[in-house]
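Working notes, beginning with the structure itself.
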Amino acid sequence: MNITEDFLKEIGKIIFETRTKNKQTLDDLEFLTGIDSSDINKYEQGKINLTIKTLIKLSQALRVHPQDLLRFNFDFDQYKND
């Protein structure tokens, strides 16, 4: 288990779910953000780290507040070292 990888995957799921709910394609987001669609796909899969700047660009293109992309349950306690 890796807290960073798991957290990025959760953010990616929200990005993907929001994009599909909005009926937007990867190409739509590429056009609106200037971020290559292959990179957006990697963000959705939690494969690459997301900067605050990228989070804001994606939230604008998805027409949601940036905090909406971070609104999910995440159990930090399972990653604590005893």
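Each reported figure results from applying straightforward, stated rules to the coordinates on display, with no laboratory input. Keep in mind the model is a prediction, meaning the values are calculated, not measured. Ideal geometry is used to build each Cβ from the backbone, glycine not excepted, and the neighbour counts take in all protein chains shown.
Can you give the net charge of the other residues whose Cβ lies under 13 Å from the Cβ of Ile14, counting K and R as +1 and D and E as -1?
+1
Of the residues Phe16, Val64, Asn41, the one whose Cα sits farthest towards the positive end of the charge dipole of the chain is Val64 (charges of +1 on Lys and Arg Cβ, -1 on Asp and Glu Cβ, taken about the Cα centre). Pairs of Lys residues in the chain that lie 8 or more places apart, or on two chains, and have C-alpha atoms under 23 angstrom apart add up to 24.
Assign unit charges at the C-beta atoms only (+1 for Lys and Arg, -1 for Asp and Glu), then state the dipole size of the chain relative to its Cα centre in Debye, rounded to the nearest 20. Provide the component values of the computation, followed by the final result.
Values: 12 positive and 14 negative charges, 58 e Å.
For the chain, the charge dipole is close to 280 debye.
Under 5 Å between amide hydrogens, built in the peptide plane, is the criterion, and for Gly46 it picks out Gly12 among residues at least 5 positions away or on other chains. Estimated translational diffusion coefficient (Stokes-Einstein, Kirkwood radius over Cα pairs, 20 °C, 1.002 mPa s) of the chain: 165 µm² per second. Taking a Cβ cut-off of under 13 Å around Thr4, the surrounding Lys, Arg, Asp and Glu residues balance to a net charge of -1, with basic ones at +1 and acidic ones at -1.
For Cα pairs less than 8 Å apart in space and 6+ apart in sequence, what is the mean separation divided by the residue count of the chain, i.e. the relative contact order in percent? Relative contact order here is 39 percent. Identify which of Lys57, Lys21, Lys47 has the largest mean-square fluctuation in a Gaussian network model of the chain, with springs joining Cα atoms closer than 10 Å. Between Lys57, Lys21, Lys47, it is Lys21 that shows the largest mean-square fluctuation.
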